[in-house]
Amino acid sequence: MKPKAITFDFWRTLFRDSDGELRNELRVRAFMDASGAPEDAVRRAFEVWPAEFARVHMEEQRTLTPHDAVRMVCETLDVRLAQEAADTVARAFSEAILEYPAVPIDGALEAVRAAAARVPVAVISDTAISTGRCLRQLLKRFDFATSFATTTFSDEVGVSKPQRAMFERTASALGVEPAALLHIGDLEPTDVVGVHGVGGTAGLFTADNARFLGNTQAEYTFTTWGEFIDRLPELVQTG
């Protein structure tokens, strides 16, 4: 049976990173302003949390939050922030993506709209220091939001892909069985393994991340969104 709904990853599938260094500058300044810590020390401390975020994501399959990043920097510097100050810095860490946003990958908006004209569509995405709340704002800013029936982000679910809850919650919101999902993303261990874990169909997207190209268990591989649009009639069950 063909899939009855399509879900999309966010990072490196619909959006690619842009101005990451400028976002990091905002975060460094926010922590300096709140703590009074010297710039060189803060910059060194900022080298700690990205690796830990990645480790927890892949090994424990859960998502750390901006508050976790603030805590790690504080622990590295032996600095204490009052709760209100920590909340302010965590919000600045997350909202830096709104000041210097990720940008849509070529053809992504057209692909989502083409898919939504045929079947229900949604986002299933892991987050990191940029929260689901902020990523939804980017979807709205770049005109994606009206196409999606629902959006599922790992910081809100409490686990990350490939955990079943990410796919099951989305399928329920779309009114289909998890096995009826076609999920498209760029990562084999999270996107492909995740949707296969609920009996669904996987599409590997490689335009911004070709790491798994030629080495995937995905049923489909798309090197551009134009290729996806061309193949869309054969991918899903409509009606």
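Values quoted throughout were computed directly from the atomic coordinates according to the rules given, and no laboratory measurement underlies them. The structure displayed is predicted, hence computed values, not measured ones. Using ideal geometry, Cβ is built from the backbone for each residue, glycine included, and neighbour counts are taken over all protein chains shown.
Laid out as a table, the results:
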read-out: Options PRO50, PHE148, GLN163, ranked by Cα towards positive dipole end of the chain, top entry (Cβ charges); value: PHE148
read-out: Length released on extending from ASP40 to LYS2, taking residue separation times 0.36 nm less the Cα-Cα span; value: 8.2 nm
read-out: DSSP beta bridges in the chain [antiparallel fraction, %, rounded to 5]; value: 10 percent
read-out: Exposure proxy order (Cβ contacts within 10 Å, fewest to most) of LEU135, LEU181, LEU22; value: LEU22, LEU135, LEU181
read-out: Burial ordering of LEU98, LEU64, LEU235, fewest other beta-carbon atoms within 10 Å first; value: LEU98, LEU235, LEU64
read-out: Fluctuation leader among ASP208, ASP106, ASP143 - the chain, Gaussian network, Cα springs under 10 angstrom; value: ASP143
read-out: Fully extended contour minus Cα-Cα distance, from HIS67 to LEU213, at 0.36 nm per residue; value: 49.1 nm
read-out: The chain, helix-only ellipticity at 222 nm - DSSP H runs n ≥ 4, -39,500 (n - 2.57), divided by all residues, nearest 500; value: -13500 deg cm²/dmol
read-out: Ranking of MET32, MET1 by count of other Cβ atoms within 10 Å, fewest first; value: MET1, MET32
read-out: Unit charges on C-beta of K, R, D, E only; dipole of the range 20-99, Debye; value: 60 debye
read-out: Nearest-0.05 FRET efficiency for ILE229 and GLU60, computed from C-beta distance (R0 35 Å); value: 0.45
read-out: Computed over the range 20-99: relative contact order in percent, which uses C-alpha pairs under 8 Å that are six or more apart; value: 41 percent
read-out: Amide hydrogen neighbours beyond the local backbone of ARG16, cut-off 5 Å, H modeled; value: VAL103, ILE105
read-out: Rough spin-label spacing in nm, given labels placed 7 Å along Cα→Cβ, for ARG164 and SER18; value: 4.0 nm
read-out: Calculated P(r) of the range 35-93 - Cα pairs past 20 Å, %; value: 24 percent
read-out: Calculated FRET efficiency for the pair SER172/GLN83, C-beta based, R₀ 41 Å, to 0.05; value: 0.70
read-out: Karplus-derived HN-Hα couplings along the range 123-133 (A = 6.51, B = -1.76, C = 1.60, θ = phi - 60°), whole Hz, x at Gly and Pro; value: 10, 10, 9, 7, 10, 9, 6, 8, 7, x, 4
read-out: Amide proton proximity set for THR221, modelled H, under 5 Å, gap of 5+; value: LEU204
